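The structure appears right after this line, and notes come after that.
Readers should treat all values here as calculations from the given coordinates under stated rules, not as data from a laboratory. Source: prediction; values computed, not measured. In this analysis, Cβ positions are derived from the backbone assuming ideal geometry, glycine residues included, and neighbour counts consider all displayed protein chains.
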C-alpha cells in the first residue's frame, strides 16, 4: 500500500461536502450573506466524491433526474395567497430554475450544470472532486478539518454536508440510523433509480404506443396480451384483474398518460406490464429485484425524454454502500439497461442512455439534531409561521413502499399505513443542525427526520429552502464567532426579511390526520428509539 505524504493544511471559512443542489445553494447563500455583512466573500471549498468532468450537481446532474418534484399547494390556498401553481419557492431555488431555463418541471442536466458552475464561480467557491475522506480532524466536539485520500488537509470553521447518507457527519462521529430504523426497520429502504434517456420517441408517439397496449390488455379476446398481463402479475389472477381495472378511467375511457408543457405523467401500468412481459419477470420490486414503474418523464427535446422509472430493490445496508461508492450503478443494473435498450428500440427509439450515477432517494437519518422533524409535525404545519423561512407541500411519498412496515403495523394493531393528505408545512433549519457536532449541518434526505418525514423531506425543492437558510446561518455564525447549531430560525428569518428574500408563509395544520400519524410514528418508533 502506497502512502501519500500529507501536504500543508489549507484554511477555509466554510467547507461543503457533497455537491447535491441544496448543498451548493447553501454555499452560495453563505457567500452572498457574508459579503453583505463584511464586504468580502468567505473562503469556501466544495468537495465531493463524484467526477466534476461528468457534471456538478449530484443526482440532478450526474444522476440526470430531470423530472423535478415540485411543491404541491391546494388550489384554495393558492387562491387565498395569490400564488402560482407551485406556490412560492425560496428565492435561490427560483434563481437556479430560471438560470437553468426550466419552464415547469423539466431540468436539462447540461443547463443545470452550467447554472451551478456559474453560481459557484460568482461566489468564488473552490471545487475539488473525486474526494475520499481519509480522516475527520476534531477539536473537542467540533470538526477542525478533513484529510483526504490524496494526503491533503483542509481546515474550516463551519461545515455543510449535503450527501444522501450524511457521510461527513458519520465520519465526524454523528450517530446515524440505517434505512427506516426510526420505524425499527433498519434494512427496509426506498428503492434506487437508474434514470435513463430515450432518443427517437416523441411524446405523441409514446402516447400512441401506450394506447395500443391499453386496447390489447383490455381486450379479453387478445389471448397473447392476456398472457403477457398474467406473466407480469406473477401468474396471480387477482392481480391481473387489478391491473386491468386500473387501466380504465371509466367504462369507455382508458387511463392514458398526461402530456404537459415539458413533462409526461404516466398514469397506468400498461408500459410497465409490456416491458415485464418482454423480460419474463413479474412486476414485483422485491420479487424481481427491479421494476419499470409508472414513469415520471421530463421532455428535454421533442424526441429526447428522461425517465424516472427503473427502480431497484435496495436494503438499508445496500443504500449506504451505494452512497459510499459514489452512487455508481451495479453491473446487474447496467445489464437491465441492455434489456430496456432492446425493448425501446423495438418500439422505435434510436438510443437508450443511462445516467452515470444512481438516484438514491434515502439512506437513513442522523440522530440528535437540534430539533428533529417528524411526519406528524409536517402535517401539523411545520415550524410556527412567526419563525418560518418558507412553505413546502408534498405527499408522504414512499415510492416503492417500505418493506415490512405493513406487518409491523399489524402487530401493533394498526390496520392502515397510508396517509394520503399531503402536508403543507412551514420550513426551518433546526432539523438540519447537529447538536453533537455544533459546527456542522446536514441538508439532505439524511437530515434529522423521524418516521414518515423523510418521504417529503427528501425532495430537492424543500432542501433548497433549508439550504438557503443554512447559508445565512453560516454567515451569521462566521461573523459572530458562533457555532452553526446555535443559530435560530428567527435570526435567519430576520435576514430574509431585511434582504427581501423571504417567501410567503402558508403552512396549514391538518390536526386530525397529524394526530393519527403522531400515534402511528410513536407506536412504530418505540423499538428504534429505545
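How large is the translational diffusion coefficient of the range 394-445 in µm² per second when you combine the Kirkwood radius over alpha carbon pairs with Stokes-Einstein at 20 °C and 1.002 mPa s? Taking Rh from Cα pairs, D becomes 151 µm²/s.
Sorting 15-28, 127-140 by their mean Cβ neighbour count within 10 Å, with the most densely packed peptide first, gives 15-28, 127-140. Peptide packing for 362-369, 460-467, 311-318 was compared via the average number of neighbouring C-beta atoms within 10 Å per residue; ordered from the highest value, the list is 460-467, 362-369, 311-318. Measure nothing but the geometry: give the 0 to 90° angle between the long axis through the Cα atoms of 203-217 and the longest principal axis through the Cα atoms of the chain, rounded to 10°. Long axis of 203-217 versus the principal axis of the chain: about 50 degrees. Under 25 °C and 0.890 mPa s, how fast does the range 1-114 diffuse according to Stokes-Einstein, given a Kirkwood radius computed over C-alpha pairs? Answer in µm²/s, whole number. Using the Kirkwood radius from Cα pairs, D works out to 147 µm²/s. For the range 281-428, the equivalent ellipsoid derived from the Cα gyration tensor has semi-axes of 33, 21, 17 Å, listed largest first. Size estimate for the range 192-360 follows the Kirkwood approach: the inverse of mean 1/r over distinct Cα pairs works out to 16.5 Å.
Take the range 45-93, drop everything but the C-alpha atoms, weight them equally and run the Debye formula without solvent; then report log10 I(q)/I(0) at 0.14, 0.25, 0.27 Å⁻¹ to two decimals. Those come out to -0.55, -0.93, -1.00, one per q. Computed across the range 337-407, the Kirkwood hydrodynamic radius from all distinct Cα-Cα pairs reaches 17.1 Å. Based on DSSP H segments of at least four residues, each scored -39500 (n - 2.57), the chain has a per-residue ellipticity at 222 nm of -11000 deg cm²/dmol. P(r) for the range 351-496, from all Cα pairs and a bin width of 5 Å, is 2, 9, 17, 20, 18, 12, 9, 6, 4, 2, 0 %, short bins first. Given a Förster distance of 56 Å, report the FRET efficiency between residue 77 and residue 150 from their Cβ-Cβ distance, rounded to the nearest 0.05. In this case the efficiency is close to 0.65. Against the chain, whose longest principal axis comes from its Cα atoms, helix 21-38 is set at around 30 degrees. Each Cα pair under 8 Å and six or more residues apart adds its separation to the average, and for the chain the resulting relative contact order is 22 percent. Using the alpha-carbon positions of the range 418-505, Rg (one decimal) and Dmax (whole number) come out as 13.6, 46 Å.
Compared with the dominant principal axis of the Cα atoms in the chain, helix 489-498 is inclined by about 90°.
Histogrammed with a bin width of 10 Å, the alpha carbon distances of the range 241-283 distribute as 26, 45, 27, 2 percent, first bin at zero.
Given in Å, the Rg to one decimal and the Dmax to the nearest whole number for the Cα atoms of the range 78-203 are 19.9, 58. Roughly what % antiparallel, to the nearest 5, for the DSSP beta bridges in the chain? Taking every DSSP beta bridge with both residues in the chain, the antiparallel ones total about 70 percent. Diffusion of the chain by Stokes-Einstein, at 10 °C in a medium of 1.306 mPa s and with Rh set to the Kirkwood radius over alpha-carbon pairs, works out to 67 µm²/s. For the pair residue 512 and residue 258, a Förster radius of 51 Å applied to the C-beta separation gives a FRET efficiency near 0.95, rounded to the nearest 0.05. Neighbour counts of other Cβ atoms within 10 Å put 258, 276, 339 in the fewest-to-most order 258, 339, 276. Across the range 145-283, the fraction of Cα-Cα pairs farther apart than 20 Å, rounded to a whole number, is 64%.
Per-residue packing, averaged as other Cβ atoms within 10 Å, sorts the ranges 381-394, 86-99 into the order 381-394, 86-99, beginning with the highest.
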